[in-house]
Amino acid sequence: EVQLVESGGGLVQPGGSLRLSCAASGFTFTTYAMSWVRQAPGKGLEWVSLINNDGGTTTYADSVKGRFTISRDNAKNTVYLQMNRLKPEDTAVYYCAADLEDGLGYRYWGQGTQVTVSS
């Protein structure tokens, strides 16, 4: 069974940091690019970051560039999102998603982890 399980979310003050993890199983992790996508309350899905299958290429949404860092450990089938200098507008449910980069979009999604940035 394919699973993507996010963890590491929580409540943090503005300016703080969190590190999200996404543990993958049930598919060939090393053949997939991995993305983080978020959904703020009452908003649609927003792509946040992508890392290619071997970790050599990373891209970020302008809203998080310079603050967030995506990484992956293929030996652990895990992708991470280090979030620094968090802002209230970063409050969202964060999902990891797997993509073959074939133009067909995300193949697998996790259930999400809540990040709340508030004083």
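Before we move on, is residue 55 surrounded by 15 or more Cβ atoms within 10 Å (Cβ to Cβ), on the phi > 0 side of the Ramachandran plot and free of Cβ contacts under 8 Å to residues at least 40 places away in the same chain? Against the criterion (surrounded by 15 or more Cβ atoms within 10 Å (Cβ to Cβ), on the phi > 0 side of the Ramachandran plot and free of Cβ contacts under 8 Å to residues at least 40 places away in the same chain), residue 55 qualifies.
Being under 30 Å from residue 119 (Cα atoms), open to solvent by less than 60 Å² (accessible area, probe 1.4 Å) and free of Cβ contacts under 8 Å to residues at least 24 places away in the same chain is a condition met by no residue of segment 32-42. Residues in segment 1-22 that are within 16 Å of residue 106 (Cα to Cα), open to solvent by 20 Å² or more (accessible area, probe 1.4 Å) and either among the aliphatic types (A, V, I, L, M) or at pLDDT below 95 (or both): 2, 5. Give the residues of segment 62-119 that are open to solvent by 60 Å² or more (accessible area, probe 1.4 Å) and acidic (Asp, Glu), sorted by residue number. 62, 89, 101, 102 - these are the residues of segment 62-119 that are open to solvent by 60 Å² or more (accessible area, probe 1.4 Å) and acidic (Asp, Glu).
The values are calculated or read from the model by the stated rules, or taken from the named source; none is laboratory data. Please read these numbers as outputs of a predicted model, since none were measured by experiment. In this analysis, Cβ positions are derived from the backbone assuming ideal geometry, glycine residues included, and neighbour counts consider all displayed protein chains. Remember, those area values only see protein heavy atoms, side chains included, never the ligands or the DNA or RNA. Shrake-Rupley method; radii C 1.70, N 1.55, O 1.52, S 1.80 Å.
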